[in-house]
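Peer 1: Quick one: structure below, then a few questions.
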Amino acid sequence: MINDTTLPLIFLGSNANIYKLYELCQNVGYTIAGIIDDDYFDQEQFQGIPIINSESDLQNKVDFFRNTYQFICATNWIPGPEFVRNREKRHRLINTLDRLNLSLATVISPQAQVSKHAAIGDGVFVDAFATVEPNTKISNHCSMYSNSYLGHNSTLGRNTVVQRYCFITSDVLVGNNGYLGLYSQLSRSHVNIKDNTFIHPGITILRSTEENEEVSLIGKDLRKVYHNVIIEE
């Protein structure tokens with residue numbers, strides 16, 4: 001349920017900019033119980049937010065946690081070889097949330113424009129000034145950051161990130177674990193952005209992608225896009 005503040009909220013995992021999520025949750029009215037993250041369990045806190053339990057405690061006392069708290073995964077999904085550990089950690093944590101059937105918080109900024117005719121999943125984060133049009137679907141564990149846009153009849157698959165100032169036009173299907181970088185645009189309807197696609201910042205894409213594709217104008221990518229002409233390397 002969107003912005004249901006009935007139960008205290010636990011962040012499963014953490015990230016360097018966790019206060020962005022923390023402050024939004026507080027502003028909406030959530031009581032933040034703390035963080036569960038084994039990477040920082042010995043420190044007892046992360047950026048001033050208490051580490052309240054270990055991941056093994058969560059699994060060993062699952063009935064207690066299921067009845068007492070709700071959760072959102074706070075470890076970021078970031079592509080690129082330097083972030084493989086974070087990516088694998090987030091996948092592991094959201095799979096734990098689903099496997100244990102824990103209550104998931106969906107946090108939407110009051111400053112976002114989200115249609116009442118949009119289908120919003122569990123564990124979703126929608127930041128200020130994002131726009132979600134009617135007849136859209138945002139699947140579980142997705143993140144839409146500030147000033148992003150999801151056009152009508154479009155779908156975001158599970159654990160997809162839409163970064164700041166991204167634009168997705170109508171009738172676009174984005175698969176699971178997608179990542180749309182800053183200022184990227186999906187500007188043609190009826191395209192299929194398949195699972196695990198990484199679109200680099202600033203790219204305008206007018207076609208479907210292949211699974212696991214990385215779309216960029218720089219680096220040593222297998223495929224690059226110039227004026228909608230595909231050049232294989």
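Peer 1: Got a number for residues in the stretch 123-139 being in a loop (DSSP other than H, G, I, E, B) and surrounded by fewer than 20 Cβ atoms within 10 Å (Cβ to Cβ)? Before you say what the answer is, go through the steps one by one.
Peer 2: Taking the stretch 123-139 and keeping what is in a loop (DSSP other than H, G, I, E, B), we get 123-124, 127-130, 133-136, 139.
Now restrict to residues that are surrounded by fewer than 20 Cβ atoms within 10 Å (Cβ to Cβ): 128-129, 133-135.
Residues in the stretch 123-139 being in a loop (DSSP other than H, G, I, E, B) and surrounded by fewer than 20 Cβ atoms within 10 Å (Cβ to Cβ): 5 in total.
Peer 1: Please tell me if Ser115 is closer than 15 Å to Met1 by Cα, surrounded by fewer than 22 Cβ atoms within 10 Å (Cβ to Cβ) and out of contact with any helix residue (DSSP H, G or I) (no Cβ under 8 Å at 6 or more places or on another chain). I'd like the intermediate steps shown before the answer.
Peer 2: Working: closer than 15 Å to Met1 by Cα: yes; surrounded by fewer than 22 Cβ atoms within 10 Å (Cβ to Cβ): yes; out of contact with any helix residue (DSSP H, G or I) (no Cβ under 8 Å at 6 or more places or on another chain): yes.
For Ser115, the condition - closer than 15 Å to Met1 by Cα, surrounded by fewer than 22 Cβ atoms within 10 Å (Cβ to Cβ) and out of contact with any helix residue (DSSP H, G or I) (no Cβ under 8 Å at 6 or more places or on another chain) - is met.
Peer 1: Do the conditions hold for Ile51, that is, is it surrounded by 18 or more Cβ atoms within 10 Å (Cβ to Cβ) and either closer than 25 Å to Asn67 by Cβ or in contact (Cβ under 8 Å) with a residue 60 or more places away in the chain (or both)?
Peer 2: Values: surrounded by 18 or more Cβ atoms within 10 Å (Cβ to Cβ): yes; either closer than 25 Å to Asn67 by Cβ or in contact (Cβ under 8 Å) with a residue 60 or more places away in the chain (or both): yes.
Yes, satisfied.
Peer 1: Can you report the number of residues in the stretch 5-41 which are of a type outside the set (S, T, N, Q), out of contact with any Leu (no Cβ under 7 Å at 6 or more places or on another chain) and more than 21 Å from Thr96 (Cα to Cα)?
Peer 2: 8
Peer 1: Still on this structure, please answer the following. Which condition number in (1) within 20 Å of Phe125 (Cβ to Cβ); (2) surrounded by 13 or more Cβ atoms within 10 Å (Cβ to Cβ) is the one that Thr31 fails?
Peer 2: (2) is the only condition that Thr31 fails.
Read the figures in this text as sums done on the coordinates, not as results from a lab. Computed from a predicted model, the values in this text were never measured in an experiment. Cβ sites come from the backbone with ideal geometry, for glycine too, and all protein chains shown count toward neighbours.
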